[in-house]
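Following: one structure in structure tokens, then a few remarks.
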Amino acid sequence: MARVALVTGGTRGIGEAISKALKAAGYSVAATYGGNDEAAKKFTDETGIATYKWSVADYAASKDGLAKVEADLGPIDVVVANAGITRDAPFHKMTPDQWQEVIDTNLTGVFNTVHPVWPGMRERKFGRVIVISSINGQKGQFGQVNYAATKAGDLGIVKSLAQEGARFGITANAICPGYIATEMVMAVPEKVREAIISQIPTGRLGEPEEIARCVVFLASDDATFVNGSTISANGAQFFV
Ligand SMILES: NC(=O)c1ccc[n+]([C@@H]2O[C@H](COP(=O)([O-])OP(=O)(O)OC[C@H]3O[C@@H](n4cnc5c(N)ncnc54)[C@H](OP(=O)(O)O)[C@@H]3O)[C@@H](O)[C@H]2O)c1
């Protein structure tokens, strides 16, 4: 039977590419989203992949939503915590709300997504946890104290989960994309985008599919010994 993969924020941007790549690799895929019904409908019409709506920032909603996915598709074998947001501001102007919203979505959202499916993975002695972090969690970024804190925290999550899950056949890894051509990045002013590209030795933004291929590898049986690691996919912009 096909393994079941869940992708949070799987209807747009990098998550959309991940959902499609996992489906193409033979997984039974569920994609979640937070509020954009129109994009989710378009995604399902194009791909045939089922979508589910809940906020990853809400533990009870995540638990219920994940249970519904498992009732529909079967136990979740691969969980890709991809949903994320930015609320950028220089630190002296950052509001507590901007801080909290990003923490709730990008950091607590990973806990809320993985924690409910973790016991099942332990019981079945198989699981793949893949968290989409960011280059800015590795190096920090002006105007992103909140975002960088969450993305660095995500790396701590996978390194710890890797140690707890290893003897149960569960791996936990992170991917740190550099700048990828999604709405999140295309929304910044063109001048800023050009400045970003000038800092990427490869001379271009990454494509969502380039991140999706990393996910397919980490989810596969080929990656059984890759555990607690971080794949940096950033066009040589930053080395850890
Ligand atoms: N783009 C980049 O260059 C880049 C670089 C490094 C890391 N990343 C990371 O990669 C991930 C995807 O980024 P992206 O650029 O593809 O983002 P995106 O195009 O803005 O898509 C974000 C997805 O996450 C969902 N989402 C947002 N908040 C949510 C919530 N509270 N609950 C459930 N779903 C929620 C959105 O749902 P709706 O459609 O309903 O809004 C959407 O499906 C993020 O974690 C981001 O931090 C991106």
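Taking segment 19-35 as the range and being near the ligand (Cβ under 9 Å from one of its atoms) and surrounded by 14 or more Cβ atoms within 10 Å (Cβ to Cβ) as the test, the residues that pass are ALA31, THR32, TYR33, GLY34.
Any residue in segment 183-194 that is within 21 Å of the chain's Cα centre (by Cα), modelled with pLDDT under 95 and small (Gly, Ala, Ser)? Looking for residues that are within 21 Å of the chain's Cα centre (by Cα), modelled with pLDDT under 95 and small (Gly, Ala, Ser), one finds at least one in segment 183-194, hence yes. It is to be established whether one or more residues within segment 6-16 are surrounded by fewer than 24 Cβ atoms within 10 Å (Cβ to Cβ) and either hydroxyl-bearing (Ser, Thr, Tyr) or more than 7 Å from the ligand (Cβ to nearest atom) (or both). No, that holds for no residue.
Scanning segment 38-61 for residues that are within 12 Å of the ligand (Cβ to nearest atom) and surrounded by fewer than 15 Cβ atoms within 10 Å (Cβ to Cβ) turns up GLU38, LYS41, LYS42, LYS53, ALA61.
Scanning segment 98-148 for residues that are in contact with a Lys or Arg (Cβ under 6 Å, 6 or more places away or on another chain) and closer than 29 Å to ASP221 by Cβ returns PRO116, SER133, SER134, GLY137. So, in segment 171-194, of the ones that are hydrophobic (A, V, I, L, M, F, W, C) and surrounded by 23 or more Cβ atoms within 10 Å (Cβ to Cβ), which residue ends up farthest from GLU207 (Cα to Cα)? The qualifying residue farthest from GLU207 (Cα to Cα) is ALA172. LYS68 meets each of the listed conditions (1) away from the ligand (no atom under 14 Å from the Cβ); (2) in contact with a Phe, Trp or Tyr (Cβ under 7 Å, 6 or more places away or on another chain); (3) within 22 Å of ASN173 (Cα to Cα) apart from (3). One residue alone among PHE225, PHE239 is within 24 Å of ARG122 (Cβ to Cβ), over 20 Å from the mean Cα position of the chain (by Cα) and surrounded by fewer than 17 Cβ atoms within 10 Å (Cβ to Cβ), and that residue is PHE225.
Condition (residue is within 18 Å of GLN163 (Cα to Cα), crowded, with 16+ Cβ neighbours inside 10 Å and within 16 Å of the ligand (Cβ to nearest atom)) applied to segment 130-145: is it met by at least one residue? Within segment 130-145 (the criterion being within 18 Å of GLN163 (Cα to Cα), crowded, with 16+ Cβ neighbours inside 10 Å and within 16 Å of the ligand (Cβ to nearest atom)), the answer is yes, since at least one residue qualifies.
Condition check for SER232 on (1) surrounded by fewer than 19 Cβ atoms within 10 Å (Cβ to Cβ); (2) within 20 Å of ILE157 (Cα to Cα): one failure, at (1). Scanning segment 1-32 for residues that are over 11 Å from the mean Cα position of the chain (by Cα), within 22 Å of SER55 (Cα to Cα), in contact (Cβ under 8 Å) with a residue 60 or more places away in the chain and assigned to a loop (DSSP other than H, G, I, E, B) returns a single hit, ARG12. Would you pick out the residues in segment 71-95 that are assigned to a loop (DSSP other than H, G, I, E, B) and more than 9 Å from the ligand (Cβ to nearest atom)? Listed by number, the residues that qualify are GLY74, PRO75, ILE76, ASP77, ARG87, ASP88, ALA89, PRO90, MET94, THR95. Within segment 155-240, considering only helices (runs of 4 or more DSSP H) that don't extend past its boundaries, which have at least 2 residues that are away from the ligand (no atom under 14 Å from the Cβ)? Qualifying helices (runs of 4 or more DSSP H): 190-198, 208-219. A search for C-beta distances below 7 Å between a residue of segment 46-64 that is closer than 19 Å to PRO75 by Cβ and assigned to a helix (DSSP H, G or I) and any residue that is more than 12 Å from the ligand (Cβ to nearest atom) and not β-branched (Val, Ile, Thr), counting only pairs 6+ apart in sequence or on different chains, returns SER62/PRO116; LYS63/PRO116.
The values are calculated or read from the model by the stated rules, or taken from the named source; none is laboratory data. In this text the structure is predicted, and so the values were computed from the model without any measurement. Positions of Cβ are backbone-derived with ideal geometry, glycine not excepted, and every protein chain shown enters the neighbour counts.
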